[in-house]
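The values are calculated or read from the model by the stated rules, or taken from the named source; none is laboratory data. All of these numbers come straight from a predicted model, not from anything done at the bench. We place every Cβ from the backbone using ideal geometry, glycine too, and count neighbours over all the protein chains shown.
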Amino acid sequence: MAILRTYVWVYNIAATLKQKPHTTIYISRPDDRLRQQTAGANVRRRSWFPWRLFFGLFGAFTTLAVVLGTIRVVHAHDLLTGNHSMQSTQKYISQPAIRPAPVDNDELAQSINSTIAQNSNLEIGVSLVSVADGKTANFGVSDPYVAGSVDKLMTASLFFHEVDDKQASLGQVLEDNDNAQDDLQKMVVLSDNDAWQSLNDYLTHDALRAYANSVGVRSYDPDNNTIAPEDIAQLLYKIYDKKLLSPASTTQLLSYMKQANYTQFIMAAIPNGVKAYHKVGYLDDRLNDVAIIDNGKTPYVLVIFSKTADNSQYDFGGQGQQLFQSLTKTTINDLL
(Lines give C-alpha, C1' and ligand atoms only; values in the text may rest on other atoms or scores of the structure.)
Protein backbone atom coordinates (compact mmCIF):
# COMPACT_ATOMS: atom_id res chain seq x y z
CA MET A 1 0.00 0.00 0.00
CA ALA A 2 2.86 2.37 0.85
CA ILE A 3 4.43 1.75 -2.54
CA LEU A 4 1.09 2.48 -4.27
CA ARG A 5 0.76 5.78 -2.39
CA THR A 6 4.28 6.72 -3.37
CA TYR A 7 3.45 6.02 -7.01
CA VAL A 8 0.37 8.26 -6.81
CA TRP A 9 2.34 11.11 -5.24
CA VAL A 10 5.09 10.83 -7.81
CA TYR A 11 2.47 10.75 -10.57
CA ASN A 12 0.88 13.95 -9.20
CA ILE A 13 4.25 15.65 -9.07
CA ALA A 14 4.94 14.67 -12.65
CA ALA A 15 1.55 15.90 -13.72
CA THR A 16 2.20 19.22 -11.99
CA LEU A 17 5.54 19.61 -13.68
CA LYS A 18 4.00 18.85 -17.10
CA GLN A 19 1.46 21.69 -16.79
CA LYS A 20 2.04 24.39 -19.33
CA PRO A 21 2.69 27.90 -17.97
CA HIS A 22 -0.52 29.92 -17.93
CA THR A 23 -0.89 32.58 -20.56
CA THR A 24 -3.37 35.43 -20.56
CA ILE A 25 -6.33 34.76 -22.79
CA TYR A 26 -7.66 37.54 -24.98
CA ILE A 27 -11.11 37.46 -26.47
CA SER A 28 -11.83 39.48 -29.60
CA ARG A 29 -11.76 42.67 -27.57
CA PRO A 30 -9.37 42.67 -24.65
CA ASP A 31 -11.22 43.43 -21.46
CA ASP A 32 -9.27 44.78 -18.56
CA ARG A 33 -11.52 43.11 -16.05
CA LEU A 34 -11.16 39.75 -17.70
CA ARG A 35 -7.40 40.21 -17.87
CA GLN A 36 -7.28 41.05 -14.16
CA GLN A 37 -9.30 37.93 -13.25
CA THR A 38 -7.10 35.76 -15.42
CA ALA A 39 -3.95 37.23 -13.93
CA GLY A 40 -5.33 36.56 -10.43
CA ALA A 41 -5.95 32.93 -11.32
CA ASN A 42 -2.42 32.69 -12.72
CA VAL A 43 -0.95 34.05 -9.48
CA ARG A 44 -2.98 31.56 -7.46
CA ARG A 45 -1.76 28.66 -9.64
CA ARG A 46 1.83 29.79 -9.32
CA SER A 47 1.53 30.15 -5.53
CA TRP A 48 -0.03 26.64 -5.27
CA PHE A 49 2.61 24.91 -7.38
CA PRO A 50 5.55 25.09 -4.89
CA TRP A 51 3.36 23.79 -2.06
CA ARG A 52 2.08 20.90 -4.17
CA LEU A 53 5.64 20.03 -5.14
CA PHE A 54 6.79 20.29 -1.52
CA PHE A 55 4.05 18.06 -0.11
CA GLY A 56 4.46 15.53 -2.94
CA LEU A 57 8.18 15.20 -2.35
CA PHE A 58 7.68 15.11 1.43
CA GLY A 59 5.16 12.28 1.11
CA ALA A 60 7.39 10.29 -1.23
CA PHE A 61 10.45 10.60 1.00
CA THR A 62 8.41 9.81 4.13
CA THR A 63 7.04 6.62 2.57
CA LEU A 64 10.50 5.61 1.39
CA ALA A 65 11.86 6.13 4.91
CA VAL A 66 9.08 3.99 6.41
CA VAL A 67 9.72 1.17 3.92
CA LEU A 68 13.48 1.23 4.50
CA GLY A 69 12.95 1.39 8.26
CA THR A 70 10.67 -1.67 8.11
CA ILE A 71 13.28 -3.60 6.14
CA ARG A 72 15.98 -2.66 8.67
CA VAL A 73 13.77 -3.77 11.58
CA VAL A 74 13.02 -7.13 9.94
CA HIS A 75 16.70 -7.61 9.13
CA ALA A 76 17.70 -6.78 12.71
CA HIS A 77 15.13 -9.25 14.01
CA ASP A 78 16.52 -11.93 11.71
CA LEU A 79 20.03 -11.32 12.98
CA LEU A 80 18.90 -11.55 16.60
CA THR A 81 16.95 -14.75 16.06
CA GLY A 82 19.54 -16.39 13.83
CA ASN A 83 17.33 -16.17 10.73
CA HIS A 84 19.50 -14.35 8.24
CA SER A 85 18.02 -12.32 5.44
CA MET A 86 18.60 -15.03 2.84
CA GLN A 87 16.75 -17.55 4.99
CA SER A 88 13.85 -15.15 5.45
CA THR A 89 13.68 -14.52 1.72
CA GLN A 90 13.75 -18.21 0.92
CA LYS A 91 10.44 -18.70 2.73
CA TYR A 92 8.75 -16.77 -0.07
CA ILE A 93 10.57 -18.54 -2.90
CA SER A 94 8.93 -21.74 -4.05
CA GLN A 95 11.33 -24.65 -3.76
CA PRO A 96 11.00 -27.66 -6.07
CA ALA A 97 9.45 -30.49 -4.09
CA ILE A 98 11.06 -33.90 -4.28
CA ARG A 99 8.90 -36.76 -5.50
CA PRO A 100 8.69 -40.32 -4.18
CA ALA A 101 11.06 -42.71 -5.90
CA PRO A 102 8.97 -45.70 -7.13
CA VAL A 103 11.15 -48.25 -5.33
CA ASP A 104 8.43 -50.90 -5.31
CA ASN A 105 7.64 -51.09 -9.02
CA ASP A 106 7.45 -54.54 -10.61
CA GLU A 107 9.87 -53.85 -13.45
CA LEU A 108 12.60 -52.75 -11.04
CA ALA A 109 12.00 -55.77 -8.81
CA GLN A 110 12.27 -58.10 -11.77
CA SER A 111 15.58 -56.57 -12.87
CA ILE A 112 17.12 -56.70 -9.39
CA ASN A 113 15.98 -60.27 -8.76
CA SER A 114 17.36 -61.31 -12.15
CA THR A 115 20.78 -59.84 -11.30
CA ILE A 116 20.78 -61.61 -7.94
CA ALA A 117 19.93 -64.92 -9.63
CA GLN A 118 22.78 -64.47 -12.14
CA ASN A 119 25.26 -64.26 -9.26
CA SER A 120 24.25 -67.46 -7.48
CA ASN A 121 27.67 -67.93 -5.88
CA LEU A 122 26.99 -64.85 -3.75
CA GLU A 123 24.50 -64.16 -0.99
CA ILE A 124 23.13 -60.75 -1.94
CA GLY A 125 20.85 -58.40 -0.06
CA VAL A 126 19.52 -55.18 -1.61
CA SER A 127 17.46 -52.52 0.11
CA LEU A 128 15.94 -49.34 -1.31
CA VAL A 129 14.28 -46.41 0.47
CA SER A 130 12.52 -43.47 -1.16
CA VAL A 131 13.58 -40.34 0.72
CA ALA A 132 10.41 -38.41 -0.16
CA ASP A 133 8.00 -40.81 1.54
CA GLY A 134 10.11 -43.46 3.33
CA LYS A 135 8.73 -46.30 1.22
CA THR A 136 11.04 -49.33 1.14
CA ALA A 137 11.72 -52.34 -1.06
CA ASN A 138 13.98 -55.26 -0.09
CA PHE A 139 15.42 -58.04 -2.24
CA GLY A 140 17.47 -61.16 -1.67
CA VAL A 141 18.88 -61.95 1.77
CA SER A 142 17.34 -59.92 4.59
CA ASP A 143 19.29 -61.42 7.53
CA PRO A 144 21.98 -59.37 9.32
CA TYR A 145 25.42 -59.42 7.69
CA VAL A 146 28.84 -58.75 9.14
CA ALA A 147 28.93 -55.22 7.78
CA GLY A 148 32.62 -54.34 7.97
CA SER A 149 33.25 -50.60 7.84
CA VAL A 150 29.65 -49.78 6.91
CA ASP A 151 28.87 -49.83 10.64
CA LYS A 152 31.18 -46.86 11.06
CA LEU A 153 28.18 -44.77 10.03
CA MET A 154 26.39 -45.78 13.23
CA THR A 155 29.39 -44.62 15.26
CA ALA A 156 29.51 -41.33 13.36
CA SER A 157 25.77 -40.78 13.76
CA LEU A 158 25.85 -41.33 17.52
CA PHE A 159 28.86 -39.07 18.05
CA PHE A 160 27.31 -36.24 16.04
CA HIS A 161 24.09 -36.80 17.99
CA GLU A 162 26.01 -36.28 21.25
CA VAL A 163 27.61 -33.15 19.82
CA ASP A 164 24.14 -31.81 19.01
CA ASP A 165 23.05 -32.58 22.59
CA LYS A 166 26.15 -30.84 24.03
CA GLN A 167 27.31 -34.16 25.51
CA ALA A 168 30.44 -34.25 23.36
CA SER A 169 32.63 -31.88 21.38
CA LEU A 170 34.31 -32.19 18.01
CA GLY A 171 37.39 -30.63 19.53
CA GLN A 172 37.80 -33.04 22.41
CA VAL A 173 40.86 -35.28 22.40
CA LEU A 174 40.25 -39.04 22.35
CA GLU A 175 42.45 -41.93 23.49
CA ASP A 176 44.51 -41.92 20.27
CA ASN A 177 45.50 -38.30 21.02
CA ASP A 178 43.56 -37.01 18.03
CA ASN A 179 40.54 -34.77 18.35
CA ALA A 180 37.12 -36.21 17.62
CA GLN A 181 36.62 -34.29 14.38
CA ASP A 182 39.84 -35.64 12.90
CA ASP A 183 38.93 -39.18 13.96
CA LEU A 184 35.45 -38.88 12.45
CA GLN A 185 36.88 -37.67 9.16
CA LYS A 186 39.54 -40.40 9.04
CA MET A 187 37.01 -43.06 10.02
CA VAL A 188 34.48 -42.20 7.29
CA VAL A 189 36.70 -40.88 4.50
CA LEU A 190 39.71 -43.18 4.85
CA SER A 191 37.97 -46.00 6.73
CA ASP A 192 40.62 -45.76 9.46
CA ASN A 193 40.11 -48.54 12.02
CA ASP A 194 42.18 -46.92 14.77
CA ALA A 195 39.98 -43.84 14.66
CA TRP A 196 36.90 -46.10 14.76
CA GLN A 197 38.25 -47.88 17.82
CA SER A 198 38.89 -44.61 19.64
CA LEU A 199 35.39 -43.31 18.92
CA ASN A 200 33.75 -46.62 19.90
CA ASP A 201 35.71 -46.77 23.14
CA TYR A 202 34.57 -43.27 23.99
CA LEU A 203 30.93 -43.98 23.12
CA THR A 204 30.81 -47.62 24.40
CA HIS A 205 29.01 -50.53 22.75
CA ASP A 206 26.10 -50.22 25.17
CA ALA A 207 25.47 -46.64 24.08
CA LEU A 208 25.76 -47.61 20.41
CA ARG A 209 23.22 -50.40 20.86
CA ALA A 210 20.82 -48.16 22.77
CA TYR A 211 21.08 -45.43 20.16
CA ALA A 212 20.42 -47.87 17.32
CA ASN A 213 17.32 -49.16 19.09
CA SER A 214 16.11 -45.62 19.74
CA VAL A 215 16.18 -44.82 16.01
CA GLY A 216 14.48 -48.07 15.00
CA VAL A 217 17.54 -50.07 13.94
CA ARG A 218 16.92 -53.34 15.77
CA SER A 219 19.34 -55.68 14.03
CA TYR A 220 22.49 -53.72 14.83
CA ASP A 221 25.00 -55.51 17.08
CA PRO A 222 28.21 -53.58 17.82
CA ASP A 223 29.81 -56.60 19.50
CA ASN A 224 29.65 -58.67 16.32
CA ASN A 225 29.57 -55.75 13.85
CA THR A 226 26.36 -56.97 12.23
CA ILE A 227 23.35 -55.22 10.75
CA ALA A 228 20.61 -56.08 8.23
CA PRO A 229 20.58 -54.31 4.83
CA GLU A 230 17.17 -52.77 5.42
CA ASP A 231 18.24 -51.36 8.80
CA ILE A 232 21.35 -49.59 7.52
CA ALA A 233 19.13 -48.26 4.71
CA GLN A 234 16.77 -46.83 7.33
CA LEU A 235 19.68 -45.19 9.16
CA LEU A 236 20.85 -43.47 5.96
CA TYR A 237 17.31 -42.39 5.09
CA LYS A 238 16.79 -40.83 8.52
CA ILE A 239 20.16 -39.09 8.40
CA TYR A 240 19.50 -37.61 4.95
CA ASP A 241 15.95 -36.61 5.89
CA LYS A 242 17.40 -34.75 8.92
CA LYS A 243 15.41 -36.86 11.35
CA LEU A 244 18.44 -37.71 13.52
CA LEU A 245 20.98 -34.88 13.46
CA SER A 246 21.09 -31.10 13.30
CA PRO A 247 21.49 -29.53 9.85
CA ALA A 248 25.14 -28.70 10.62
CA SER A 249 25.97 -32.23 11.76
CA THR A 250 24.08 -33.75 8.83
CA THR A 251 26.01 -31.59 6.38
CA GLN A 252 29.34 -32.48 7.95
CA LEU A 253 28.69 -36.22 7.96
CA LEU A 254 27.50 -36.13 4.34
CA SER A 255 30.61 -34.20 3.33
CA TYR A 256 32.73 -37.06 4.71
CA MET A 257 30.61 -39.66 2.92
CA LYS A 258 30.97 -37.73 -0.33
CA GLN A 259 34.76 -38.04 -0.03
CA ALA A 260 34.78 -41.66 1.17
CA ASN A 261 37.23 -44.03 -0.52
CA TYR A 262 36.60 -47.15 -2.62
CA THR A 263 34.63 -45.42 -5.35
CA GLN A 264 34.86 -48.26 -7.89
CA PHE A 265 31.58 -49.88 -6.88
CA ILE A 266 28.33 -47.87 -6.50
CA MET A 267 30.00 -44.52 -7.08
CA ALA A 268 31.47 -45.57 -10.42
CA ALA A 269 27.95 -45.87 -11.83
CA ILE A 270 26.69 -42.45 -10.69
CA PRO A 271 26.08 -40.15 -13.69
CA ASN A 272 27.33 -36.58 -13.87
CA GLY A 273 25.10 -34.07 -12.13
CA VAL A 274 23.80 -36.56 -9.56
CA LYS A 275 24.91 -36.22 -5.94
CA ALA A 276 25.91 -39.34 -4.03
CA TYR A 277 27.21 -40.10 -0.55
CA HIS A 278 28.46 -43.58 0.34
CA LYS A 279 30.44 -45.92 2.58
CA VAL A 280 32.08 -49.24 1.70
CA GLY A 281 32.76 -52.14 4.04
CA TYR A 282 34.57 -55.33 3.08
CA LEU A 283 36.31 -58.43 4.41
CA ASP A 284 38.00 -61.27 2.54
CA ASP A 285 34.69 -62.96 1.75
CA ARG A 286 32.32 -60.00 1.40
CA LEU A 287 31.71 -56.58 -0.10
CA ASN A 288 29.12 -54.03 1.04
CA ASP A 289 28.41 -50.55 -0.27
CA VAL A 290 25.67 -48.18 0.90
CA ALA A 291 24.74 -44.87 -0.70
CA ILE A 292 22.35 -41.94 -0.82
CA ILE A 293 21.68 -40.98 -4.45
CA ASP A 294 20.03 -37.65 -5.23
CA ASN A 295 19.25 -35.99 -8.56
CA GLY A 296 17.25 -33.25 -6.85
CA LYS A 297 13.91 -34.83 -7.79
CA THR A 298 13.63 -38.43 -6.57
CA PRO A 299 16.38 -39.09 -4.00
CA TYR A 300 16.72 -42.61 -2.66
CA VAL A 301 18.93 -44.86 -0.55
CA LEU A 302 20.63 -47.89 -2.09
CA VAL A 303 22.18 -50.63 0.05
CA ILE A 304 23.97 -53.63 -1.45
CA PHE A 305 25.39 -56.35 0.80
CA SER A 306 27.10 -59.42 -0.65
CA LYS A 307 29.25 -62.33 0.49
CA THR A 308 30.51 -65.55 -1.03
CA ALA A 309 28.20 -68.45 -0.28
CA ASP A 310 31.09 -70.76 0.68
CA ASN A 311 33.14 -68.11 2.52
CA SER A 312 35.80 -68.18 -0.20
CA GLN A 313 37.82 -65.17 -1.38
CA TYR A 314 35.63 -62.46 -2.88
CA ASP A 315 36.38 -61.26 -6.41
CA PHE A 316 36.39 -57.51 -5.76
CA GLY A 317 37.87 -56.30 -9.05
CA GLY A 318 35.85 -58.51 -11.38
CA GLN A 319 32.50 -59.80 -10.21
CA GLY A 320 32.23 -57.28 -7.38
CA GLN A 321 32.59 -54.20 -9.53
CA GLN A 322 30.32 -55.59 -12.22
CA LEU A 323 27.61 -56.58 -9.72
CA PHE A 324 27.52 -53.28 -7.83
CA GLN A 325 27.66 -51.10 -10.92
CA SER A 326 24.96 -53.15 -12.62
CA LEU A 327 22.57 -52.92 -9.67
CA THR A 328 23.26 -49.21 -9.30
CA LYS A 329 22.57 -48.51 -12.99
CA THR A 330 19.37 -50.56 -12.78
CA THR A 331 18.04 -48.43 -9.91
CA ILE A 332 19.15 -45.18 -11.54
CA ASN A 333 17.38 -46.04 -14.80
CA ASP A 334 14.14 -46.74 -12.95
CA LEU A 335 14.21 -44.17 -10.16
CA LEU A 336 15.95 -41.02 -11.47
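Here are the numbers for the structure shown:
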| quantity | calculated |
| --- | --- |
| Subset of the range 163-181 [crowded, with 17+ Cβ neighbours inside 10 Å and part of a helix (DSSP H, G or I)] | Val163, Ala180 |
| Members of the range 277-296 that are surrounded by fewer than 22 Cβ atoms within 10 Å (Cβ to Cβ) and part of a strand (DSSP E or B) | Tyr282, Leu283, Arg286, Asp294 |
| Tabulated pairs, the range 234-259, first free of Cβ contacts under 8 Å to residues at least 24 places away in the same chain and within 19 Å of Val280 (Cα to Cα), second surrounded by 15 or more Cβ atoms within 10 Å (Cβ to Cβ) and of a type in the set (Ser, Thr, Tyr), C-beta under 6 angstrom, 6+ apart or interchain | Lys258/Tyr277 |
| Residue list for the range 182-219, filter: aliphatic (A, V, I, L, M), in a helix (DSSP H, G or I) and out of contact with any Pro (no Cβ under 7 Å at 6 or more places or on another chain) | Leu184, Met187, Val188, Val189, Ala195, Leu199, Leu203, Ala207, Ala210, Ala212 |
| Members of the range 314-333 that are touching a Leu at 6+ places or on another chain (Cβ under 7 Å) and either outside any helix (DSSP H, G or I) or not assigned by TED's automatic domain parsing to the domain that holds Phe265 (or both) | Tyr314 |
| Pairs, first without any contact (Cβ under 8 Å) to a residue 40 or more places away in the chain in the range 192-211, second of a type in the set (Lys, Arg), C-beta under 7 Å, six or more apart | Asp192/Lys186; Ala195/Lys186 |
| Residue ID - surrounded by the fewest Cβ atoms within 10 Å (Cβ to Cβ), chosen from residues in the range 251-269 that are hydrophobic (A, V, I, L, M, F, W, C) and touching a helix residue (DSSP H, G or I) at 6+ places or on another chain (Cβ under 7 Å) | Ala268 |
| Residue check for Ser157: crowded, with 18+ Cβ neighbours inside 10 Å and either within 22 Å of Tyr277 (Cα to Cα) or in contact with a His (Cβ under 8 Å, 6 or more places away or on another chain) (or both) | yes |
| Cβ-Cβ under 8 Å pairs, at least 6 apart or on other chains, the range 108-122 side under 15 Å from Asp334 (Cα atoms), far side of a type in the set (Asp, Glu) | Leu108/Asp334; Ser111/Asp334 |
| Residue within the range 191-202 that is more than 26 Å from Thr263 (Cβ to Cβ) and not aromatic (Phe, Trp, Tyr) present | yes |
| Failed condition for Met154, given (1) part of a helix (DSSP H, G or I); (2) in contact with an Asp or Glu (Cβ under 7 Å, 6 or more places away or on another chain) | (2) |
| Any chance Val126 is touching a Gly at 6+ places or on another chain (Cβ under 7 Å) and crowded, with 18+ Cβ neighbours inside 10 Å | yes |
